[in-house]
1. On average, how much accessible surface per residue is there in the chain, in Å², for a 1.4 Å probe, leaving out ligands, DNA and RNA?
2. Using only the alpha-carbon atoms of segment 1-56 as identical scatterers, what base-10 log of I(q)/I(0) does the Debye formula give at q = 0.13, 0.17, 0.20, 0.26 Å⁻¹?
3. Which entry in (1) 56, 39, 30; (2) 46, 44, 28; (3) 48, 42, 39 matches Cα extents along the principal axes in Å derived from the coordinates of this structure?
4. Per q in 0.17 Å⁻¹, report the Debye log10 I(q)/I(0) for segment 1-120, using one uniform scatterer on each alpha carbon and no solvent.
5. Ordering Leu146, Leu135, Leu204, Leu53 by how much accessible area each has at a 1.4 Å probe, largest first, what is the list?
6. Treating the beta-carbon of each Lys and Arg as +1 and of each Asp and Glu as -1, no other charges, what is the dipole magnitude of the chain about its Cα centre, to the nearest 20 debye?
7. Per DSSP H run of n ≥ 4, the term is -39500 (n - 2.57); total these for the chain, divide by its residue number, and report the mean residue ellipticity at 222 nm rounded to 500 deg cm²/dmol.
8. Over segment 1-157, with every protein chain in place, what whole percent of the accessible area is carbon and sulfur at 1.4 Å, could you tell me?
Amino acid sequence: MPVWLFAALFVSVLTGAGIGMSYGLRGDVSVAYGALGLFLSLNLLVSYWELSLGLRQDLIARRAAYWRGRGAETGHSPAFAFLTATVSWREMLSLDCWADIWAAYASYDGSYLDRRSYGFNADFANGLLLPLPSLFLYVALTIHWLPAMVTGILGAMLFWHWLYSGSVYWLNFFGSGGHRSISRSEVFAYVWLPTAPWVLASMLGVYVSIRLIVDGDYGVLIP
């Protein structure tokens with residue numbers, strides 16, 4: 001199965017499960033809930049990938065040279081080549097497999113090969129510390145089993161963290177001149193677009209969380 005198809009299926013199934021449960025419980029699904037469910041599902045997948053960033057750093061460094069060489073040889077984007085590569089179901093459970101994501105991405109941002117960089121530590125920390133809290137938040141937004149204020153406080157903490165982290169990553173990348181070594185199209189496709197969900201969805205998440213706290217109910221998530 002191609003990597004991109006696996007990722008799409010994982011996110012679709014997890015998002016669909018939340019939407020189906022929300023509809024089954026209340027007979028409706030709001031756009032705000034759908035957008036946040038999609039983002040949280042995507043973040044859960046990426047969180048697993050981010051574990052490989054910190055736990056397979058030596059492998060990533062070796063594979064980065066392979067992807068740079070393959071890109072120079074074929075003229076194709078390393079990221080595109082990885083996303084279209086075929087992986088088995090067994091490989092999908094392996095951190096070694098997902099190390100190639102970061103090895104390919106290092107062609108556009110070499111800071112992911114440096115344990116001291118902001119991008120490396122921010123992403124590894126997200127993968128190490130936040131999967132369970134983000135899953136807990138997803139369940140709370142879906143079935144409304146916690147007081148709205150409690151869900152809002154948790155949401156405000158997590159969404160503000162993701163908004164801040166994504167924004168600082170952009171500032172760090174451009175401030176350090178990382179964009180000068182790649183084309184404008186690559187900056188857009190591999191820097192702006194991948195980070196945008198963590199900024200834009202988190203802005204919505206902060207708003208929804210504040211409403212949950214102030215209103216004291218889940219009305220903001222009900223059409």
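1. Per residue, the chain has 50 Å² of solvent-accessible surface.
2. Treating every Cα as an identical point scatterer, log10 I(q)/I(0) equals -0.39, -0.60, -0.75, -0.99.
3. (1)
4. -0.88
5. Sorted by accessible area, descending: Leu135, Leu204, Leu146, Leu53.
6. The dipole magnitude comes to about 320 debye.
7. After summing the helix terms and dividing by residue count, I get -25000 deg cm²/dmol.
8. It is 69 percent, rounded to a whole number.
The values are calculated or read from the model by the stated rules, or taken from the named source; none is laboratory data. All values reported here derive from a predicted model rather than from experimental measurement. Virtual Cβ from ideal backbone geometry, glycine too; neighbours counted across all protein chains shown. Accessible surface is based on the protein model in full, side chains and every heavy atom, while ligands, DNA and RNA are left aside. Shrake-Rupley method; radii C 1.70, N 1.55, O 1.52, S 1.80 Å.
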